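Okay, structure first, notes after.
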């Protein structure tokens, strides 16, 4: 086709008829068409020439045509590409169905352009076989992408996705045209995300109607050349989306710190750079191989299908997920929540994992109501909990009873209005398995999804019979509970008060269904680097929470030490260190420059005039938020607290809890301005003090001092 255009331009003096005959000598025109060629206008000649070349490119032959009222009109006979004949199948009687091959193109009737065609007849010119997902740079940090149905686009980076036409699926969540754009975080710390084109059904529309609709939808985003390109290469029943560069306070805040900026950076430039790589690089993403994306096993797909169907029938099932560390519980939870949000307005979520929390900083047990999709790792979507308790540690070793009591306290607030998804710890051996049995008895789930893989030690199947016959840490088995007497089954052996029995939605364990899922999720963690990765994720979760301190985008980004803190009097709050026994004379040393939980207890602090006020034991109370105690004024007897908590909620805070969750060192070391000795960061301290810990020496990344060098300095 391109060669014919060149040939047409070489001899501009020839007539239109001679040029067409020279380019396509085998095309047959009627005598009437040839005789009336000279009376055509210039525009009609251009349209005729375009139709001739298009017909020949599709394998057409011009036989005849001279409909009344037209200068030259012909009928095009389409020849399909030669393909092997399909297997013979019985077909119902009646006229043959129209062809749906992608190599053919059905034209409208020239005598009646408004005649609609069947959906199977609607198809556009197919893209080259080597380019199934064409990408076009729109400028201003935007890229247009077209996805055929069933095709996927796996990428790394951060972008904002807008569905212009069709339907998309990301992480189990379906985005339809007209819905607001979604920020998608596909970073290398987790498996890469894939944008999939979802087949959809549409009413019968003509080819011209579809083109007109696509042009109208693209007009606010693209230029005329871009719209023509889309219409030319648009696949049948495909989807059109626009990818934009993300500019939010969260992303800008994380990029200012070395311990988190490398998470958002792309890998090195590959040896082969093409136009697509350059276009995607402008918005901060890069195409990746499909095998590096999230992969669900057959058993995982079946479990998801059953849980979603049950949510439609039952309405409010309680689903508990369990399994070893780094086996894919959080990933399965996100896919399940996203798929549930496709059909219901909200999903409740109970977080029982202290070390790797999903929506809050680490060390919390919380209950949340999720209404928006989860399109990234945990630190990219912090949420405000419906109820939260600050445990203060990353595990519950030697404090099991307090852990169980906190879980009961938080679970009591569940109203059974939406399905509940429960996430548990990855500790499933020894006492961890017994603690998991206690959780199943206390929470009484309807479904237990048990994830396993070939690389982990096999754990017993947590059937109802196994839970009935196994002693937990604080609950007894069915045999011990009854001691041989036949009495009706009611409740577990945990002593509920009368108020707990009335308010607890499911106080009786009535059995559950076990769904075994074989995990095929990719994980970069192993026994050697697990502690390092978990520490990085905890720091990212803390930084994600602190990013809420930043003002909206038009305002300049300010460092944390330049923000004005709140002044909290000693007499207004009580203080407690949850993870260690600290002498009362050293309490303020432990609180200063620490991560504190802002809590609300039942006791009133108004009767105290001096301070600080110390609590004798760890309270079970609501945690409203978190902050940094950036200083203590001993003369005025006030704490300086930096927190994103609004003033109306901060007025109700009357307790500060200090746990083992530390502030990321990059917050101290990367603040612009201070020169010389950095405040609160030193290696010259006495480890023999109660509550002291070697925090800096334990860092394995950033600019922290390695442990062996720290020991040499002390010597």
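Quick notes
- Checked against (1) over 27 Å from residue 617 (Cβ atoms); (2) in the same structural domain as residue 626 (by TED's automatic domain parsing); (3) part of a loop (DSSP other than H, G, I, E, B), residue 580 passes all but a single condition, namely (1).
- Hey, residue 156 without any contact (Cβ under 8 Å) to a residue 12 or more places away in the chain and outside any helix (DSSP H, G or I) or not: no
- Unmet criterion (only one of (1) surrounded by fewer than 17 Cβ atoms within 10 Å (Cβ to Cβ); (2) touching a residue at least 12 places away in the same chain (Cβ under 8 Å); (3) not in a loop (DSSP other than H, G, I, E, B)) for residue 253: (1)
- Selection within region 130-147 - closer than 12 Å to residue 240 by Cα and either modelled with pLDDT of 90 or more or in a strand (DSSP E or B) (or both): 135, 136, 143, 144, 145, 146, 147
- None of 217, 193 is more than 30 Å from residue 560 (Cα to Cα) and not in a helix (DSSP H, G or I) except 193.
- Filter pass, residue 168 being out of contact with any helix residue (DSSP H, G or I) (no Cβ under 6 Å at 6 or more places or on another chain), crowded, with 21+ Cβ neighbours inside 10 Å and over 26 Å from residue 210 (Cβ atoms): no
- Test: residue 345 is farther than 27 Å from residue 392 by Cα, under 17 Å from the mean Cα position of the chain (by Cα) and outside any strand (DSSP E or B): no
- Scanning region 408-422 for residues that are closer than 29 Å to residue 303 by Cα and either surrounded by fewer than 20 Cβ atoms within 10 Å (Cβ to Cβ) or free of Cβ contacts under 8 Å to residues at least 12 places away in the same chain (or both) yields 408, 412, 413, 415, 416, 417.
- Positions within region 171-184 being out of contact with any helix residue (DSSP H, G or I) (no Cβ under 6 Å at 6 or more places or on another chain), within 26 Å of residue 262 (Cα to Cα) and part of a loop (DSSP other than H, G, I, E, B), in sequence order: 181
- Condition met for residue 611 (more than 30 Å from residue 188 (Cβ to Cβ), surrounded by fewer than 20 Cβ atoms within 10 Å (Cβ to Cβ) and touching a helix residue (DSSP H, G or I) at 6+ places or on another chain (Cβ under 8 Å)): yes
- Of all residues in region 468-482, those satisfying the criterion of being part of a loop (DSSP other than H, G, I, E, B), surrounded by fewer than 17 Cβ atoms within 10 Å (Cβ to Cβ) and at pLDDT 85 or above are 469, 471, 473.
- The single condition from (1) surrounded by fewer than 19 Cβ atoms within 10 Å (Cβ to Cβ); (2) within 29 Å of residue 667 (Cα to Cα) that residue 206 fails is (2).
- Residue 335 being in a helix (DSSP H, G or I), at pLDDT 90 or above and over 19 Å from residue 443 (Cβ atoms): yes
- Residue within region 196-208 that is in contact with a strand residue (DSSP E or B) (Cβ under 7 Å, 6 or more places away or on another chain) and in a strand (DSSP E or B) present: yes
- Checking residue 442 against (1) modelled with pLDDT under 80; (2) surrounded by 16 or more Cβ atoms within 10 Å (Cβ to Cβ), the condition it does not meet: (1)
- When residue 550 is tested against (1) within 30 Å of residue 248 (Cα to Cα); (2) modelled with pLDDT of 90 or more, just one condition goes unmet, and that condition is (2).
Residue-wise test of (1) assigned by TED's automatic domain parsing to the domain that holds residue 359; (2) at pLDDT 90 or above; (3) in a helix (DSSP H, G or I); (4) surrounded by fewer than 20 Cβ atoms within 10 Å (Cβ to Cβ).
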site: 428; (1), (2), (3), (4): yes, no, no, no
site: 488; (1), (2), (3), (4): yes, no, no, yes
site: 505; (1), (2), (3), (4): yes, no, no, yes
site: 523; (1), (2), (3), (4): no, no, no, yes
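- Residue within region 449-459 that is farther than 17 Å from residue 325 by Cβ and either modelled with pLDDT of 90 or more or in the same structural domain as residue 363 (by TED's automatic domain parsing) (or both) present: no
- Residue within region 234-241 that is touching a helix residue (DSSP H, G or I) at 6+ places or on another chain (Cβ under 7 Å), farther than 27 Å from residue 188 by Cβ, in contact (Cβ under 8 Å) with a residue 60 or more places away in the chain and outside the structural domain of residue 436 (by TED's automatic domain parsing) present: yes
- Looking only at region 383-392, and only at residues there that are touching a residue at least 40 places away in the same chain (Cβ under 8 Å) and buried (at least 22 other Cβ atoms within 10 Å of the Cβ), the one that is nearest to residue 181 (Cα to Cα): 388
- Residue count, region 321-346 (criterion: under 17 Å from residue 308 (Cβ atoms), surrounded by 23 or more Cβ atoms within 10 Å (Cβ to Cβ) and touching a helix residue (DSSP H, G or I) at 6+ places or on another chain (Cβ under 8 Å)): 4
- Restricting region 362-372 to residues that are part of a loop (DSSP other than H, G, I, E, B) and crowded, with 22+ Cβ neighbours inside 10 Å, the residue that is farthest from the chain's Cα centre (by Cα): 363
- Members of region 284-313 found to be part of a loop (DSSP other than H, G, I, E, B) and buried (at least 17 other Cβ atoms within 10 Å of the Cβ), listed by number: 284, 288, 294, 296
The values are calculated or read from the model by the stated rules, or taken from the named source; none is laboratory data. All figures in this text were calculated on a predicted structure; none of them were measured in a lab. No Cβ is skipped: glycine too gets one built from the backbone with ideal geometry, and neighbour counts run over all protein chains shown.
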